[in-house]
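Below you'll find the structure, written out as structure tokens, and then a few comments.
The values are calculated or read from the model by the stated rules, or taken from the named source; none is laboratory data. Being a predicted model, the structure only gives us computed values, none of them experimental. Using ideal geometry, Cβ is built from the backbone for each residue, glycine included, and neighbour counts are taken over all protein chains shown.
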Amino acid sequence: MGLFNSSQGLSQTVGQVQSAFGAVNNAKNAVSQLGGALDSIDGIRSVGLPMGGEAVGDIFSAVAMFGGGDAPANDWRVRLSLPTWPSFRTSPVLKPLKDAGGFIFPYTPAITINQTAKYSSMSTTHTNYNFQAYKGSDPGSIQITAPMYVEDPAQALYWLAGLHYFRSVSKMFNGTDPKAGNPPPVVKLNAYGNYVFKNVPVVVTSIQVSLEKDCDYIGCNVVGSAAGQIAQLADTVGGVFDAFGLEGEAGLGDTIGQVAGLLGTFGIGGSTSGGVTHVPTKSTFTITLQPVYSRQQVRKFSLDMFVTGGYMSGGTGYV
């Protein structure tokens, strides 16, 4: 009985239990209020859910877009778009990118392009040269190495948003996500005009960020999501119930987590202070992108149209 072998320990434990159940009561009140909003038809429609309970994926699609539409024709900067999924557009952490119209590399990056045509060698008897049988072509990966310099808190928030962006677009939808099971979203790459990269659909296959040791770090105030605070409370509540064997209430933590996940998906729940984060004044982002095209698009591909530049100004993004 080590936990209760002194009156002082018992007093502390009782105080902890009271505090824990105080948090539980607050959580119940939060869930009750949120549940009341979600139970009414008006409340449901206010967060964009269809009236008949159709799948949310039929309404929203995690495809790519820019905050203000496509990049202007004379904008040759290297830019990656934000997915249209609501959590990307409403995330307080990604707000600097939404305001900028996507992730724009603030300094000219180094870009390496790979294009391959694959052939298989066919050996024949009594000949000086083998024959080459064509197998297929591959646009290959696109590697971007970008320097990032930070001079003030505003730039620090942009740096942090960029890191969070690449972490986000390299993860699949999972858990209680309305699109759980879907792969990471596709984004669009634009750079240097129509004849280099124009609306190229890509996925992020790797991200490497170097945090230098021989530089200063700048602090910035980060705004977090209130829905995230609720989700953290759910973990705490679940831990309290497990600790005291309250199996009958164990589902409450999951309920809070599901409500928080739904609110986070639609960017609802206000915002709270996320504390101070420090970012380096100089760093390097190394990103690998892989162009991806749907089977339907590839089936309609025309080499004649590609050669004559027919795809350059469209939205197909062939490279």
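For the stretch 273-313, filtering for residues that are within 22 Å of F103 (Cα to Cα), at pLDDT 90 or above and not hydroxyl-bearing (S, T, Y) leaves 10.
Does N114 count as closer than 23 Å to P183 by Cβ and surrounded by fewer than 18 Cβ atoms within 10 Å (Cβ to Cβ)? The answer is yes for N114. What is the number of the single condition among (1) in a loop (DSSP other than H, G, I, E, B); (2) over 29 Å from W76 (Cα atoms) that A133 does not meet? Result: A133 fails condition (1) only. Might you let me know whether the stretch 147-161 holds any residue that is assigned to a strand (DSSP E or B), β-branched (V, I, T) and assigned by TED's automatic domain parsing to the domain that holds V78? No: zero hits.
Restrict the check to the stretch 145-166 and report whether at least one residue is in contact (Cβ under 8 Å) with a residue 40 or more places away in the chain, out of contact with any strand residue (DSSP E or B) (no Cβ under 8 Å at 6 or more places or on another chain), farther than 14 Å from V279 by Cβ and not acidic (D, E). There is no residue in the stretch 145-166 that is in contact (Cβ under 8 Å) with a residue 40 or more places away in the chain, out of contact with any strand residue (DSSP E or B) (no Cβ under 8 Å at 6 or more places or on another chain), farther than 14 Å from V279 by Cβ and not acidic (D, E).
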